[in-house]
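Novice: Supplied in C-alpha cells, the structure appears directly below.
The values are calculated or read from the model by the stated rules, or taken from the named source; none is laboratory data. Since this is a predicted model, take the numbers as computed values, not measurements. Glycine gets a Cβ as well: all are built from the backbone with ideal geometry, and neighbour counts include every protein chain shown.
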Amino acid sequence: MKTPLETERLNVNLAGLRLNNPTMLASGILGYSADTLESIAEGGAGAVVTKSVGLKPRKGYANPTVVQVNCGLINAMGLPNPGIEEFTKDIREAKAVLKVPLIASVYGFSAEEYATVAVKAAKAGADAVELNVSCPHVKETGAEIGQKPEVLAEVVKKVKANVEKPVFVKLSPNVADIAEMAETAAKAGADALTAINTVKAMAIDLETAKPILGNRKGGLSGQAIKPIAVRCVYEIYERVKVPIIGCGGITNWRDAVEFMLAGATAVQIGTAIAQKGPNVFKTVAKGIDAYLKRKGFRSVNETVGMAHRS
Ligand code: RRO
C-alpha cells in the first residue's frame with residue numbers, strides 16, 4: 001500500500017521540477033551540509049532550498065543575530081556563507097545522497113555576480129536556482145535589487161541567459177506593490193516566484209534601551225507574517241501566470257492549503273522547523289493529502305488559485 005506521501009494527488013510539477021509533495025525547505029534556516037539537507041528530505045520535504053550563497057565568503061553580522069518575538073523570529077544573520085567555490089563541494093555531496101530536487105539560493109552585488117554564482121551552482125548539480133533579491137538588511141544586494149524593477153529585470157535576464165536550469169525569484173514583501181515586482185521578474189524570464197522573504201522588523205530591550213539585534217534591524221518570519229504572505233501570493237496570482245511558491249509562517253496543513261487556494265503551487269517551510277522538527281514536512285503533506293481526499297480533489301493542482309474563483 002502507498003503511504004500518504006506517495007499518493008499521486010500530492011505530486012506537483014514546479015517549473016519542470018517534479019516534487020513528490022508540495023512542501024519545500026525554505027532558504028536560510030539550516031546549513032549547507034549534505035547531512036542536514038538529507039535529514040530534511042527524510043522528514044518529508046518534496047524539495048530543499050539551501051542557504052543563500054555568494055561569490056565570496058562572508059562572516060555575517062555580530063551576535064545576537066536572532067530574537068524571538070510574539071508568533072515569530074526576527075533575524076539579521078547578514079548572509080553568512082562560505083562562498084560559491086567551497087559551496088560547490090556541498091552541492092555535489094548533497095546531490096549524491098538526496099532523492100529530492102535541490103535548489104541553490106544565490107545572491108550577488110551585481111547582475112554579473114548573480115549569474116556567475118548561479119552558473120557554478122547549476123554546474124555543481126543544483127536542479128534549479130532561487131535568486132535572493134529580497135534579503136531585507138544587507139546593503140547593495142537582496143531587497144535593494146528586488147525593489148528596483150529595472151535592476152531586478154537586469155539580474156533575472158542575465159541569469160536566464162547563462163543558466164539552463166529553472167530560475168526562481170524570491171520576492172520581498174517590503175515594497176509598495178509586490179505584484180509589479182512579480183510581473184517584472186516574470187517578464188524577464190523567471191520560471192517561478194517565491195513569496196515572501198521576511199518582513200522588515202526590530203525589537204528593543206527595555207532594560208538597556210537598545211536594539212537587541214547586532215544589526216539593530218532584521219527580518220520577521222513565522223506565524224506573525226502568514227496573512228501578509230497569503231495576501232502577497234493572492235496579488236501575484238492575479239497578475240502573472242508563472243508558478244508561485246508560498247512562504248511565510250506555514251506551520252500546519254491548513255496554512256499550506258490556504259496558500260494553495262491563494263495561488264501557490266508549492267509551499268516553503270522554515271521557522272516552523274525550530275518548533276516542530278524536520279518531520280513537520282511529513283505532517284503537513286499528510287494533512288494536505290487528507291484534505292484533498294475529503295474534498296474529492298484528484299490533485300493539488302485543482303486547488304491552486306481556487307480562492308480567486310469563488
Ligand atoms: O542572512 C540573512 O540575514 C537573511 C537573508 Br540572506 C534573507 O534572505 N532573509 C533574512 O531574513 N535574513
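Novice: Kindly evaluate residue 95 against the criterion of being surrounded by 14 or more Cβ atoms within 10 Å (Cβ to Cβ) and without any contact (Cβ under 8 Å) to a residue 60 or more places away in the chain.
Specialist: In short, yes.
Novice: Further question on the same structure: Taking the condition of being under 19 Å from the mean Cα position of the chain (by Cα) and within 16 Å of the ligand (Cβ to nearest atom), how many residues in the stretch 97-111 meet it?
Specialist: 6
Novice: Another question about this same structure. In the stretch 121-142, how many are outside any loop (DSSP other than H, G, I, E, B) and buried (at least 24 other Cβ atoms within 10 Å of the Cβ)? Reasoning before the result, please.
Specialist: So the first thing to find is which residues in the stretch 121-142 are outside any loop (DSSP other than H, G, I, E, B), and the list is 121-124, 128-132.
The next check asks that each one be buried (at least 24 other Cβ atoms within 10 Å of the Cβ); those that pass are 121, 128-132.
The number of residues fulfilling the criteria is 6.
Novice: Kindly evaluate residue 122 against the criterion of being within 19 Å of the chain's Cα centre (by Cα), more than 28 Å from residue 222 (Cβ to Cβ) and among the small types (Gly, Ala, Ser).
Specialist: Against the criterion (within 19 Å of the chain's Cα centre (by Cα), more than 28 Å from residue 222 (Cβ to Cβ) and among the small types (Gly, Ala, Ser)), residue 122 qualifies.
Novice: Right, another one. Of all residues in the stretch 67-83, how many are hydrophobic (A, V, I, L, M, F, W, C) and without any contact (Cβ under 8 Å) to a residue 24 or more places away in the chain? Outline the logic, then answer.
Specialist: As a first pass, look at the stretch 67-83 and keep what is hydrophobic (A, V, I, L, M, F, W, C): 67, 69, 71, 73-74, 76-77, 79.
From what is left, the residues that are without any contact (Cβ under 8 Å) to a residue 24 or more places away in the chain are none.
Selection size over the stretch 67-83: 0.
Novice: Starting from the stretch 205-226, keep only residues that are farther than 16 Å from residue 66 by Cβ and among the basic types (Lys, Arg), then list their pairs with residues that are at pLDDT 95 or above and crowded, with 23+ Cβ neighbours inside 10 Å whose Cβ atoms are within a distance under 6 Å, requiring at least 6 positions of separation or different chains.
Specialist: Between residues of the stretch 205-226 that are farther than 16 Å from residue 66 by Cβ and among the basic types (Lys, Arg) and residues that are at pLDDT 95 or above and crowded, with 23+ Cβ neighbours inside 10 Å, the close pairs are 226/248; 226/249.
Novice: From 223, 275, which residue is touching a Cys at 6+ places or on another chain (Cβ under 8 Å) and surrounded by fewer than 22 Cβ atoms within 10 Å (Cβ to Cβ)? I'd like the intermediate steps shown before the answer.
Specialist: On the way: 275 fails: touching a Cys at 6+ places or on another chain (Cβ under 8 Å).
It is 223.
Novice: Within 30 Å of residue 64 (Cα to Cα), within 16 Å of the ligand (Cβ to nearest atom) and in a helix (DSSP H, G or I), is that true of residue 250?
Specialist: On the way: within 30 Å of residue 64 (Cα to Cα): yes; within 16 Å of the ligand (Cβ to nearest atom): yes; in a helix (DSSP H, G or I): no.
Considered against the rule, which asks whether it is within 30 Å of residue 64 (Cα to Cα), within 16 Å of the ligand (Cβ to nearest atom) and in a helix (DSSP H, G or I), residue 250 comes out as no.
Novice: Now for a separate question. Out of contact with any Ser or Thr (no Cβ under 8 Å at 6 or more places or on another chain) and either of a type outside the set (A, V, I, L, M, F, W, C) or at pLDDT 95 or above (or both): which single residue out of 194, 198 fits that description?
Specialist: Values: 198 fails: out of contact with any Ser or Thr (no Cβ under 8 Å at 6 or more places or on another chain).
The unique qualifying residue is 194.
Novice: While we're here: Pull out all pairs, ordered by first then second residue, where Cβ-Cβ is under 6 Å, the residues are six or more apart or on different chains, the first lies in the stretch 123-136 and is farther than 22 Å from residue 173 by Cβ and among the polar types (S, T, N, Q), and the second is outside any loop (DSSP other than H, G, I, E, B) and within 16 Å of the ligand (Cβ to nearest atom).
Specialist: none
Novice: Something else now. Which condition number in (1) of a type in the set (D, E, K, R); (2) surrounded by fewer than 20 Cβ atoms within 10 Å (Cβ to Cβ); (3) closer than 24 Å to residue 105 by Cβ is the one that residue 255 fails?
Specialist: Among (1) of a type in the set (D, E, K, R); (2) surrounded by fewer than 20 Cβ atoms within 10 Å (Cβ to Cβ); (3) closer than 24 Å to residue 105 by Cβ, the lone unmet condition for residue 255 is (2).
Novice: Which number in (1) in contact (Cβ under 8 Å) with a residue 24 or more places away in the chain; (2) outside any strand (DSSP E or B); (3) not polar (S, T, N, Q) marks the one condition that residue 104 misses?
Specialist: All conditions pass for residue 104, except number (2).
Novice: Right, another one. Please give the number of the condition residue 223 fails out of (1) in contact with a Lys or Arg (Cβ under 9 Å, 6 or more places away or on another chain); (2) more than 13 Å from the ligand (Cβ to nearest atom); (3) closer than 21 Å to residue 274 by Cβ.
Specialist: Answer for residue 223: the failing condition is (1).
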